[in-house]
Amino acid sequence: MKIAVINFSGNVGKTLVARHLLRPRLPGAELVAVESVNAGTTDGTALKGNQFGQLQEYLQTLEHAIVDIGASNLEDLLALMHRYRNSHEDFDFFLVPTVPARKQQQDTLSTLAELHRLGVTPDRIRVVFNMVEPGADVQDAFATLFRFLEELPVAQANPACRIEVNEVFERVKTADAELTALADDPTDYKALIARATDINDKMALASRLATRRLAQGTVPELDACFAALGLMDDQRAPELVP
């Protein structure tokens, strides 16, 4: 399975979706970053949008891939996808994260419309609702997007695919570990804190404990969001091998 994570807008959670929602649930998939500023946040391959020729050639060598396409490179990449006829067929799905802010919703509409013009069918485009306030109704928070899709049904948008506002995502931005690994961390931090003599060491350990607790509360939410995407229910989905 090969998935592109895209949006014309920045700050919608593309890297969050690629790294913390998709990669832990798609074993064996390589993470490819198409964004120079994100190159240091992944242990996968990094390219720029104007290197689409190299990207599509590299994708032919992979069975499973998650491609995180940064906003600053998306325009170049889509222009080249138009040039390389039918190259969008290299991707099984396009995931479009969005947030409630009005500008980002408008950019999301532009992204969906551009994918439609490219020839991507609605069943291959899925929306991920990010930074949802706890208890908020997704259809109310993203009313502009849902109205657009009622008039032009170019994508699938399941309100159950929601990721709520959570400080854990800021905590793990520069961390090497994914949320699933942090949630499964077996370290006895309370015992380590009790043995530590330096206050700075105690605070660092307490921070790790807090991050683990946040991760443990967030992983089930991400599991539910991933299930709501229905990627593994689609006939295009091959069997993934860890």
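The values are calculated or read from the model by the stated rules, or taken from the named source; none is laboratory data. Everything quoted here is computed from the prediction, not taken from an experiment. Cβ: placed from backbone, ideal geometry, glycine included. Neighbour counts: every protein chain shown. Areas reflect the complete protein model, heavy atoms only, side chains present, ligands, DNA and RNA absent. Shrake-Rupley method; radii C 1.70, N 1.55, O 1.52, S 1.80 Å.
222 nm [θ] for the chain, helices only, -39500 (n - 2.57) per DSSP H run of 4+, per residue, to 500?
-12000 deg cm²/dmol, from helical runs alone.
Dipole of the chain, Cα-centred, from +1 at each Lys and Arg C-beta and -1 at each Asp and Glu C-beta, to the nearest 20 debye?
In debye, rounded to 20, the chain gives about 360.
How much length is gained on full extension from ALA181 to ASP233, taking 0.36 nm per residue of separation minus their Cα-Cα distance? Don't skip to the answer; put the middle values down first.
Values: separation 52, 0.36 × 52 = 18.72 nm, distance 2.52 nm.
Residue separation times 0.36 nm, minus the Cα-Cα distance, leaves 16.2 nm.
So what is the accessible area of region 160-221 per residue, in Å², with the probe set to 1.4 Å?
For region 160-221, the per-residue accessible area is 61 Å².
Please identify the DSSP H helices in the chain that span no less than 27 Å along the helix axis (Cα) and have a mean Kyte-Doolittle hydropathy of 1.0 or more.
Qualifying helices, which must be both long enough and hydrophobic enough, do not occur.
First measure r as the distance between the Cβ atoms of GLU57 and ASP123, then evaluate 1/(1 + (r/R0)^6) with R0 = 25 Å and state the FRET efficiency to the nearest 0.05. Intermediate results must be reported in sequence, preceding the final value.
On the way: r = 26 Å, r/R0 = 1.05.
The calculated FRET efficiency here is 0.40.
Rounded to the nearest percent, how much of the accessible area of region 52-97 (1.4 Å probe, protein heavy atoms only) is carbon and sulfur?
Details: 790 of 2020 Å².
After summing per-atom areas, the C and S share lands at 39 percent.
For q values of 0.11, 0.13, 0.25 Å⁻¹, compute log₁₀ I(q)/I(0) with the Debye formula on a Cα-only model of region 48-119, without solvent.
Rounded to two decimals, the profile gives -0.28, -0.39, -1.33.
Give the ranking of THR121, THR61 by solvent-accessible surface, highest area first, calculated with a 1.4 Å probe.
These residues rank, largest area first, as THR61, THR121.
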